Amino acid sequence: MVEDLIPEMRTQRAKMVIVIDEFGGTAGLVTLEDLIEEIVGEIQDEHEADEPVSFEDLSDNRVRIWGGVAVREVNDRLGLELPE
C-alpha cells in the first residue's frame with residue numbers, strides 16, 4: 001500500500017492525504033513524512049523539538065522531573081508514595 005501511495009502523492013503534489021475506511025468514513029490522516037519514516041525510520045527535522053528528558057539527576061540528591069511524567073512513574077522510579 002505504501003508503495004502505491006507515495007507515487008500517487010508525488011504525482012498530485014500532496015504532502016498529506018485523508019484515509020477513508022471501507023464505509024466511507026474518515027480513518028485518519030497520513031503525511032508524506034509518515035510514509036517515509038515507515039520506510040527509513042524516525043526523521044528529526046527543525047520543526048520537531050527533542051524529546052524532553054523525563055528524569056535528570058542533579059547534584060545533592062536532587063532530581064529534575066519533566067512535568068509530563070505521570071505521578072505513578074515518579075513513585076516507581078524514586079520509591080515514593082505521592083498521591084495520584
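The values are calculated or read from the model by the stated rules, or taken from the named source; none is laboratory data. All values derive from a computational prediction rather than experimental measurement. FYI the Cβ positions are ideal-geometry reconstructions off the backbone, even for glycines, and counts take in every protein chain you see.
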Among (1) surrounded by 10 or more Cβ atoms within 10 Å (Cβ to Cβ); (2) at pLDDT 85 or above; (3) out of contact with any strand residue (DSSP E or B) (no Cβ under 7 Å at 6 or more places or on another chain), the one test that Glu81 misses = (1)
Of the numbered conditions (1) within 15 Å of Val2 (Cβ to Cβ); (2) modelled with pLDDT of 90 or more; (3) surrounded by fewer than 11 Cβ atoms within 10 Å (Cβ to Cβ), Val30 fails exactly one; give the number of that condition.
-> (3)
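Could we say that Thr11 is in contact with a strand residue (DSSP E or B) (Cβ under 7 Å, 6 or more places away or on another chain) and modelled with pLDDT of 90 or more here? Break it down stepwise before answering.
Working: in contact with a strand residue (DSSP E or B) (Cβ under 7 Å, 6 or more places away or on another chain): no; modelled with pLDDT of 90 or more: yes.
Here the answer is no, as Thr11 does not meet what is asked.
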